[in-house]
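S.K.: Here you go, one structure.
The values are calculated or read from the model by the stated rules, or taken from the named source; none is laboratory data. All figures in this text were calculated on a predicted structure; none of them were measured in a lab. In this analysis, Cβ positions are derived from the backbone assuming ideal geometry, glycine residues included, and neighbour counts consider all displayed protein chains.
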Amino acid sequence: MPVAPFKNDAPTDWSNIENQEELKKSLEFVKSELGKEYPLIIAGKEVSTEKKLASYNPASHKEVIGYMHQASQDDVEHAITAARTAFEDWSSLTFQERALYLFKAAKIMKRRKSELIAWQIYEAGKNWTEADGEMNEAIDFLEMYGRKAIELDEGQKLVSLPGIENRFEYKPLGVGVIITPWNFPLAIVTGMTGSAIVTGNAVLLKPASLTPVVAAKFMEIMDEAGVPDGVINFVPGSSGEIGDYMVGHRDTNFVSFTGSKEVGLQIDEVAHTRIPGQRWIKRVVAEMGGKNGVVVDESADLDAAAKGIVTSAFGYQGQKCSAGSRAIIHENIYDELVDKIVEQTKNLQVGSGTENNAVGPVIDDSAFNKITEYIEIGKEEGELVVGGEGDASEGYFIPPTIFKDVSPGARIMKEEIFGPVLALCKVANVEEGFEVYNDTEFGLTGALYTNNREQIRAARQKMDCGNLFINGKCTGALVGVQPFGGYYMSGTGSKTGNLDYLLSFVHAKTIAENF
Ligand code: NAP
């Protein structure tokens, strides 16, 4: 079947009044839908449970987005059985046959785009642009993984010998557990689940407890796309009750996780403890945190660098794994650049995403408290030049906060904060900047602003990260354009939005037939 070449979904033009009006209508519609209950889905059937957990609007924390039914270990057991049963037929389809479900889902997402953006604004605290970017990414994942999966039907070309036909075929792994974070509640759920199922696996999807309603919307889409019962089993629940249970289960073949380093490492440990009767070594794909940074040379375009630093640090309140929470600046332009960064930051409006403010709320009280603690640490480690005082009376708002003159070894230079806090550090030259940049346990995204060709060459070798941007911000990697993922404590090294990622969920079989 001929498939049109992949093209990234276009961002919405918010200067267009019609687009604004459409979103305002969707925001009204979603508001009227708030407070509903969402059941588990196992083997295609809705399953209600006694235990329910409310999800709240981080911009207005008394507003309930929805009540999510909570899976028990028994529910997980049923879901694993359902997935194992569905796997029989689903795994026998060709990659192309399965890709068609992803293309259909992409179409439905496009149709429901405005409504889904509104759900993200309410449940995850995004503004219009951030929610729209996430929507595009979700659609791109479906379109890209569908196309890349079709390539897997070919297997790999092998050396041919007379009298023998050799084939190299990709096979799915089996039953997988998908565990997703709250910060990209639609795109990451879509990418992780889409990649695992298009390769022929059946899964249990456990979304983050803070953003389960957006994940429930994803399930509606996959249902409408006709994905057979049991291929995706929806089991939101307390990680304390079902997390280790599903990861460590004898019948789980693989775990696909995105989230914090701490949880990723725990999952890795639990998954790799073999239990009696387990026939396989579980595969763990983990995308984890980052302590990303931007290095700036004296030759750089300082306006562009300031813009890139501010966008990387404060887009979605710094709650992106790729957020640039450190800027490492050549001493000769340090003062000038710091002034520009501070100036731009002061212009950022803080407030709810429904009104499309530049900086919205952080996700919950625990994030608010953790970031506030880091701000107190920052006051000891540098000079506070902007922000610093949060307000959690209505929503969890923390203004963009900047510390200057922070030393390379400071905690706010090394630890992931996951909020709108930026540390500025002065270095004597770019070589030293690379050393400071590399001095964390993470390796996710980085950027270099320079007009010096030699430095660009050096950065390619020396800046230790999975995604390096030259003269551009370190966030906003596009599917297929900049395949995404880190190494070291940032992840197991595969790249999302690419064929690479699909290979995480298959193993290969070589078949030699003699004539
Ligand atoms: P998190 O606390 O690690 O949670 C991620 C997921 O793991 C949630 O669904 C959580 O469930 C679940 N979980 C927690 N403990 C578990 C356990 N013992 N067993 C199984 N599952 C468990 O991370 P988060 O706060 O949602 O997300 C923020 C983090 O994700 C940041 O560190 C960020 O950098 C990282 N991230 C990385 C990428 C990337 O591509 N590298 C992308 C996005 C985010 P509950 O919600 O129910 O606790």
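S.K.: Output the residues belonging to segment 393-410 that are outside any loop (DSSP other than H, G, I, E, B) and either within 16 Å of the ligand (Cβ to nearest atom) or under 17 Å from G353 (Cα atoms) (or both).
M.R.: Scanning segment 393-410 gives a single hit, F397.
S.K.: I need the helices (runs of 4 or more DSSP H) fully contained in segment 411-515, keeping only those with at least 1 residues that are at pLDDT 95 or above and touching a Pro at 6+ places or on another chain (Cβ under 8 Å).
M.R.: Counting at least 1 such residues, we get 430-438, 499-502.
S.K.: Which condition breaks for V189 when tested against (1) over 18 Å from V47 (Cβ atoms); (2) surrounded by fewer than 24 Cβ atoms within 10 Å (Cβ to Cβ); (3) touching a residue at least 12 places away in the same chain (Cβ under 8 Å)?
M.R.: (2)
S.K.: Going by the conditions given, is G237 part of a helix (DSSP H, G or I) and over 25 Å from K171 (Cβ atoms)?
M.R.: Judged against the criteria, G237 is not a match.
S.K.: Could I ask something else about it? What single numbered condition from (1) out of contact with any strand residue (DSSP E or B) (no Cβ under 9 Å at 6 or more places or on another chain); (2) at pLDDT 95 or above fails to hold for F218?
M.R.: (1)
S.K.: Only one residue in M135, M144 is buried (at least 18 other Cβ atoms within 10 Å of the Cβ) and touching a helix residue (DSSP H, G or I) at 6+ places or on another chain (Cβ under 8 Å), so which one is that?
M.R.: It is M135.
S.K.: Working only within segment 480-510, note down all residues that are under 14 Å from the mean Cα position of the chain (by Cα) and either crowded, with 21+ Cβ neighbours inside 10 Å or free of Cβ contacts under 8 Å to residues at least 12 places away in the same chain (or both).
M.R.: F484, G485, G486, S490, G491, S494, T496, G497, Y501
S.K.: Would you pick out the residues in segment 181-202 that are within 13 Å of the ligand (Cβ to nearest atom) and either of a type in the set (A, V, I, L, M, F, W, C) or at pLDDT below 95 (or both)?
M.R.: The answer is W182, F184, L186, A187, I188, V189, M192.
S.K.: Name, by its number, the condition in (1) part of a loop (DSSP other than H, G, I, E, B); (2) within 16 Å of the ligand (Cβ to nearest atom); (3) crowded, with 21+ Cβ neighbours inside 10 Å that does not hold for G230.
M.R.: Result: G230 passes all but (2).
S.K.: Still on this model: Could you list, in sequence order, all residues of segment 230-270 that are of a type in the set (V, I, T) and farther than 18 Å from C321 by Cα?
M.R.: Within segment 230-270, V231, I232, V235, I242, V247, T252, V255, I267, V270 meet the criteria.
S.K.: Answer with yes or no whether K340 is among the basic types (K, R), over 20 Å from the mean Cα position of the chain (by Cα) and closer than 21 Å to V430 by Cβ.
M.R.: The answer is yes for K340.
S.K.: Let me ask something else about it. Tell me which residues, restricted to segment 242-261, are farther than 22 Å from N467 by Cβ and either free of Cβ contacts under 8 Å to residues at least 12 places away in the same chain or in contact with a helix residue (DSSP H, G or I) (Cβ under 7 Å, 6 or more places away or on another chain) (or both).
M.R.: Listed by number, the residues that qualify are I242, D244, Y245, M246, V247, G248, H249, D251, T252, F254, V255.
S.K.: Might you let me know whether segment 349-362 holds any residue that is under 22 Å from N127 (Cβ atoms), within 14 Å of the ligand (Cβ to nearest atom), buried (at least 23 other Cβ atoms within 10 Å of the Cβ) and of a type in the set (V, I, T)?
M.R.: yes
S.K.: Would segment 286-303 turn up any residue that is among the acidic types (D, E), within 16 Å of the ligand (Cβ to nearest atom) and closer than 25 Å to E137 by Cβ?
M.R.: Yes - at least one qualifying residue is present in segment 286-303.
S.K.: Looking only at segment 213-220, decide whether some residue is in contact with a helix residue (DSSP H, G or I) (Cβ under 6 Å, 6 or more places away or on another chain), assigned to a loop (DSSP other than H, G, I, E, B) and of a type outside the set (S, T, N, Q).
M.R.: Checked segment 213-220: no residue is in contact with a helix residue (DSSP H, G or I) (Cβ under 6 Å, 6 or more places away or on another chain), assigned to a loop (DSSP other than H, G, I, E, B) and of a type outside the set (S, T, N, Q).
S.K.: All but one of (1) under 15 Å from S256 (Cβ atoms); (2) free of Cβ contacts under 8 Å to residues at least 60 places away in the same chain; (3) β-branched (V, I, T) hold for V159; state the number of the condition that does not hold.
M.R.: (1)
S.K.: Within segment 19-70, work out how many residues are hydrophobic (A, V, I, L, M, F, W, C) and either modelled with pLDDT under 95 or not in a strand (DSSP E or B) (or both).
M.R.: So the answer is 7.
S.K.: Looking at G264, G243, G248, G259 in this structure, which one is near the ligand (Cβ under 8 Å from one of its atoms), farther than 14 Å from T492 by Cβ and either within 25 Å of the chain's Cα centre (by Cα) or not hydrophobic (A, V, I, L, M, F, W, C) (or both)?
M.R.: Residue meeting the stated conditions: G243.
S.K.: Give me the pairs, please: first residue somewhere in segment 416-435 and within 16 Å of the ligand (Cβ to nearest atom), second residue anywhere and among the basic types (K, R), beta-carbon distance under 7 Å, and either six or more positions apart or on two chains.
M.R.: Listed by first residue and then by second, the contacts come to E416/K291.
S.K.: Let me ask you something else. If L205 passes every condition in (1) assigned to a loop (DSSP other than H, G, I, E, B); (2) more than 8 Å from the ligand (Cβ to nearest atom); (3) surrounded by 24 or more Cβ atoms within 10 Å (Cβ to Cβ) but one, which one does it miss?
M.R.: The single condition L205 does not satisfy is (1).
S.K.: Please return the ranges of strands (runs of 3 or more DSSP E) entirely within segment 242-331 where 2 or more residues are among the polar types (S, T, N, Q) and out of contact with any strand residue (DSSP E or B) (no Cβ under 9 Å at 6 or more places or on another chain).
M.R.: Here the list is empty.
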